[in-house]
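The values are calculated or read from the model by the stated rules, or taken from the named source; none is laboratory data. Please read these numbers as outputs of a predicted model, since none were measured by experiment. Here the Cβ is made from the backbone with ideal geometry for all residues, glycine too, and neighbour counts use every protein chain on show.
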Amino acid sequence: MKYYILFGPPGAGKGTQAAAMVEKYNLHHISTGELLRKEIAAGSELGLKAKSLIDAGALVPDEVVEGMIESEFRTVKGVSGFLLDGFPRTTAQAEALGKILGKTGESVTSVVSIMIPDDMIRERIRHRASIEGRADDAREETINNRIKTYHDKTEPLVEFYKAEGRYREVDGTGTIEQVRQAIFDLMDRL
Ligand code: AP5
Ligand code: MG
């Protein structure tokens with residue numbers, strides 16, 4: 001099994017590019033953000049707990065998302081691998097992922113990182129707010145907190161995976177098609 005991490009700040013285009021990647025490489029897409037939004041929509045206990053954190057632009061507890069990921073790995077069959085979008089987001093989550101995969105003698109195949117600057121994050125999220133109506137896209141304060149949370153807690157993973165020799169980056173500032181092509185070129189070389 002291949003285990004790709006699709007990395008990048010909020011609004012970088014992870015969800016957008018994941019759709020094309022799963023089709024081309026026969027992967028199962030796991031977006032922890034989408035899984036959490038489903039829990040919120042279903043009104044589950046987990047969803048209720050997650051909602052206030054997500055609306056504040058904070059992270060939900062590591063154990064919550066780690067459990068979600070492990071259960072997807074166990075239940076999804078018939079694919080060449082998994083595409084993790086929005087996970088891991090903390091060093092503790094990256095270490096937990098290593099342990100989960102280690103149980104079956106596996107490891108992260110590669111990190112594909114889509115990079116854009118902070119002003120473009122704001123632009124993209126503002127644009128999406130008018131289309132998708134995501135609760136965490138609605139308020140400026142939430143968006144600022146998401147950006148801060150990314151820099152404080154998630155960006156250190158760049159060095160974490162560089163040290164493991166698994167980090168690859170594409171320029172996310174081009175058009176959707178340009179970024180997709182850059183990702184395909186990178187994946188084909190892996
Ligand atoms: P999550 O859903 O993962 O949100 P995110 O990381 O903030 O990323 P986004 O989904 O906002 O951006 P994206 O990169 O997918 O961009 P998209 O393709 O949509 O997480 C939400 C929350 O859940 C977190 O804040 C946290 O609270 C919680 N959570 C999730 N995972 C967690 C974890 N592991 N641990 C703890 N908590 C967790 O693109 C954005 C917009 O730009 C779209 O409108 C798109 O059409 C457009 N666009 C995309 N690419 C381009 C391009 N090249 N040019 C122009 N426009 C583009
Ligand atoms: Mg997304």
Positions within region 147-190 being surrounded by fewer than 13 Cβ atoms within 10 Å (Cβ to Cβ), more than 10 Å from ligand 1 (Cβ to nearest atom), in a helix (DSSP H, G or I) and among the aliphatic types (A, V, I, L, M), in sequence order: ALA163
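Working carefully through the options ASP137, ASP171, ASP185, ASP119, find the one that is over 24 Å from GLU63 (Cα atoms), modelled with pLDDT of 95 or more and touching a strand residue (DSSP E or B) at 6+ places or on another chain (Cβ under 7 Å).
Selected residue: ASP171, the only one of ASP137, ASP171, ASP185, ASP119 that is over 24 Å from GLU63 (Cα atoms), modelled with pLDDT of 95 or more and touching a strand residue (DSSP E or B) at 6+ places or on another chain (Cβ under 7 Å).
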Matching option when the condition is free of Cβ contacts under 8 Å to residues at least 12 places away in the same chain and under 16 Å from the mean Cα position of the chain (by Cα), among GLY81, GLY102, GLY86, GLY67: GLY67
Sole residue being assigned to a loop (DSSP other than H, G, I, E, B), farther than 24 Å from GLU164 by Cβ and of a type outside the set (Ser, Thr, Tyr), chosen from LYS38, LYS51, LYS77: LYS77
Residues (out of contact with any His (no Cβ under 6 Å at 6 or more places or on another chain), more than 8 Å from ligand 1 (Cβ to nearest atom) and either touching a residue at least 12 places away in the same chain (Cβ under 8 Å) or under 20 Å from ARG122 (Cα atoms) (or both)) located in region 7-34: PHE7, ALA20, MET21, LYS24, TYR25, ASN26, LEU27, HIS28, HIS29, ILE30
Residues of region 134-190 that turn out to be under 17 Å from the mean Cα position of the chain (by Cα) and hydroxyl-bearing (Ser, Thr, Tyr), as a count: 5
Output for region 82-97, where each listed residue is surrounded by 16 or more Cβ atoms within 10 Å (Cβ to Cβ) and more than 7 Å from ligand 1 (Cβ to nearest atom): PHE82, LEU83, LEU84, ALA94, ALA96, LEU97
Matching residues, region 1-33, being over 20 Å from GLY174 (Cα atoms) and within 11 Å of ligand 2 (Cβ to nearest atom): HIS29, SER31, THR32, GLY33
Subset of region 156-189 (residues that are within 19 Å of ALA94 (Cβ to Cβ) and touching a residue at least 40 places away in the same chain (Cβ under 8 Å)): PRO156, LEU157, VAL158, PHE160, TYR161, GLU164, ARG166, TYR167, ARG168, GLU169
Filter result for ILE100 (part of a helix (DSSP H, G or I), surrounded by 13 or more Cβ atoms within 10 Å (Cβ to Cβ) and not hydroxyl-bearing (Ser, Thr, Tyr)): yes
Within region 110-146, tally of residues that are over 19 Å from LEU36 (Cα atoms) and assigned to a helix (DSSP H, G or I): 14
